[in-house]
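Any read-out appearing in this document is the output of simple, stated calculations on the displayed coordinates, not a laboratory observation. For clarity, every value in this text was computed on a predicted model and none was experimentally measured. Here Cβ is always computed from backbone atoms with ideal geometry, including for glycine, and neighbour counts include all displayed protein chains.
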Amino acid sequence: MQGQGLPAGRQIPVHGRLNMDDKEKIKEEERKIRQLRVAVDLTKNIISQGEITYGEALKLVEALKSFAMNLFPEKEETFELIYRPRFKRVLEERYRL
């Protein structure tokens, strides 16, 4: 099977179709990702636009992390690499740290 954008002669291996269990797992993963994205956006907006103290903002970030760990228990390092720096910047901007 020749893939679009691949050099001539390169092929994408085809290992069969996804079964129903795989499709359901993918749908569930996508649902979790959407939930996390909404929670991240909401937390960022509350911190950026809300009238909350720095301590309350830190508690929100920790609550977000707990929520993320419930969705993706094995991904704490990912949270720390991606979301922690993002919220550090939001906190620095909002509270002029």
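Numbers for the structure displayed
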{"quantity": "Net lengthening on full extension, I46/A63 (0.36 nm per residue, minus Cα-Cα)", "calculated": "4.8 nm"}
{"quantity": "Cβ charges +1 (Lys, Arg) and -1 (Asp, Glu), total dipole of region 16-57, debye", "calculated": "220"}
{"quantity": "Angstrom value of the Kirkwood radius, inverse mean 1/r, which spans all Cα pairs in region 20-95", "calculated": "13.3"}
{"quantity": "Projected label distance in nm at E76 and K23, using a 7 Å step from Cα toward the beta-carbon", "calculated": "3.7"}
{"quantity": "Spatially close lysines, pair count over region 20-95: Cα under 26 Å, gap of eight or more or interchain", "calculated": "21"}
{"quantity": "Additional length obtainable on full extension of the chain from R31 to E93, 0.36 nm per residue less Cα span", "calculated": "19.3 nm"}
